[in-house]
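Structure first, then comments.
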Amino acid sequence: MSNIADRQTFVFSTSLNGSPQINTYLNLRFAADELIVKSISYNTSAGADTDALLQIWCNVTNDSLIGSFPNNAALCSEQDCHFRLNNSFQTGNFVLQFQTAGLDTVFHYNPTALNATTNGTVAVTIEFIKLKNKEIY
């Protein structure tokens with residue numbers, strides 16, 4: 001038996017050569033309890049990028065970081081990673097910021113927003129869900 005009462009899916013896509021973030025106003029059909037990253041796709045568009053690990057920061061989840069991917073090759077990754085929301089989210093600004101953590105460190109505690117050394121386009125498929133029973137978790 002599924003614990004999902006409702007779901008709504010979005011595909012967010014942007015060129016990382018310009019702005020390193022997506023900032024959009026969303027108006028969901030319901031107050032969502034959870035965000036699921038369904039997939040991350042990345043493709044370099046003009047020459048090789050500077051090798052780095054890119055991470056995706058989100059303003060509405062408890063964990064803030066919702067994914068990562070290398071920017072030196074084409075990638076299509078099925079994720080299905082679940083993240084609880086800070087509060088139930090239905091309307092408001094939704095932000096995805098793409099940050100670089102570098103490949104030269106094992107632990108990186110201070111990610112920075114991307115700069116113009118990234119030439120690719122990224123698409124992130126996200127599903128918002130409303131749970132029937134929030135107490136199951």
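Nothing in this text is a laboratory measurement; each read-out follows from the coordinates by a stated rule. What you see is a predicted model; the values in this text were computed from it and never measured. Counting neighbours? That spans all protein chains shown, and the Cβs are built from the backbone with ideal geometry, glycine included.
For this structure, a couple of remarks:
- Annotation: amide H of residue 72 within the under-5 Å range of 52, sequence separation 5 or more or interchain, hydrogens built in the peptide plane.
- Taking each residue as 0.36 nm, the span from residue 59 to residue 81 lengthens on full extension beyond its C-alpha to C-alpha distance by 6.3 nm.
- Projected label points at residue 72 and residue 26, each 7 Å from Cα along the beta carbon direction, are separated by 3.2 nanometres.
- Sorted by Cβ density within 10 Å, fewest first, the residues 78, 34, 127, 135: 135, 78, 127, 34
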